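What follows is a short report on a single structure.
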Amino acid sequence: MNSRKYLWALGSALLLLAGAGASAQSPTRDAPPQSHHVVSLDELNQDAARPAQSRQADQDAVRELLKTAEGQEALRRAKVDYQRVDKAMAQMSDEDLAKIGERSRQAKVDFAAGGIGSTLLIVIILIIVLAIVLAVVF
């Protein structure tokens with residue numbers, strides 16, 4: 001019987017402590033509302049939009065490269081329709097598209113700076129097209 005009283009007393013004490021902890025954490029009616037947050041809603045919205053903006057920028061970089069004369073030549077040589085590549089880009093993961101977008105931007109810069117010729121640019125574009133198609137297939 002003594003152990004039963006002990007368990008009852010222990011259980012009651014735990015309930016009281018749990019209730020006291022919950023009431024200490026809940027805000028009181030007299031407390032002023034929080035007016036300053038650590039991160040503003042605008043910052044949260046910008047952070048949420050950033051991945052979509054990056055993805056769009058990567059797609060645009062690939063599209064710009066494919067629309068050049070060398071890009072059109074590469075598509076013609078590969079016998080691949082631009083629309084097919086464009087649809088395949090939409091199915092790529094963000095990570096794969098980021099890599100292809102960066103390579104497209106770098107190829108364009110290298111070509112503009114005279115670092116690579118048009119033949120090498122066409123080969124690079126063919127590799128990019130192949131990477132896009134393979135990324136979707138596998």
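The values are calculated or read from the model by the stated rules, or taken from the named source; none is laboratory data. Bear in mind that the values here come from a model prediction, so they are computed numbers and not experimental data. Cβ: placed from backbone, ideal geometry, glycine included. Neighbour counts: every protein chain shown.
Can you tell me which residue among ALA107, ALA61 is of a type outside the set (D, E, K, R) and in contact with a Ser or Thr (Cβ under 8 Å, 6 or more places away or on another chain)? Before you say what the answer is, go through the steps one by one.
Numbers: ALA107 fails: in contact with a Ser or Thr (Cβ under 8 Å, 6 or more places away or on another chain).
After ruling out the rest, the residue left standing is ALA61.
Looking only at residues in segment 31-50 that are modelled with pLDDT of 75 or more and part of a helix (DSSP H, G or I), which one is nearest to MET89 (Cα to Cα)? Show your work before the answer.
Keep residues of segment 31-50 that are modelled with pLDDT of 75 or more, which gives 38-43, 48, 50.
Now drop any that are not part of a helix (DSSP H, G or I), which leaves 41-43, 48, 50.
Details: LEU41: 31, ASP42: 30, GLU43: 29, ALA48: 21, ARG50: 18 Å.
Per the stated criteria, the residue is ARG50.
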Considering each residue of segment 98-112, count those that are surrounded by 13 or more Cβ atoms within 10 Å (Cβ to Cβ) and more than 20 Å from ARG55 (Cβ to Cβ), and give that number.
2
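Among the candidates GLY115, GLY71, which residue alone is more than 25 Å from PRO51 (Cα to Cα), outside any helix (DSSP H, G or I) and of a type in the set (Gly, Ala, Ser)? Working first, answer last.
Numbers: GLY71 fails: outside any helix (DSSP H, G or I).
Going through GLY115, GLY71 in turn, just one is more than 25 Å from PRO51 (Cα to Cα), outside any helix (DSSP H, G or I) and of a type in the set (Gly, Ala, Ser): GLY115.
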Top-ranked residue in segment 79-112 [being part of a helix (DSSP H, G or I) and polar (S, T, N, Q); ranked as farthest from the chain's Cα centre (by Cα)]
GLN83
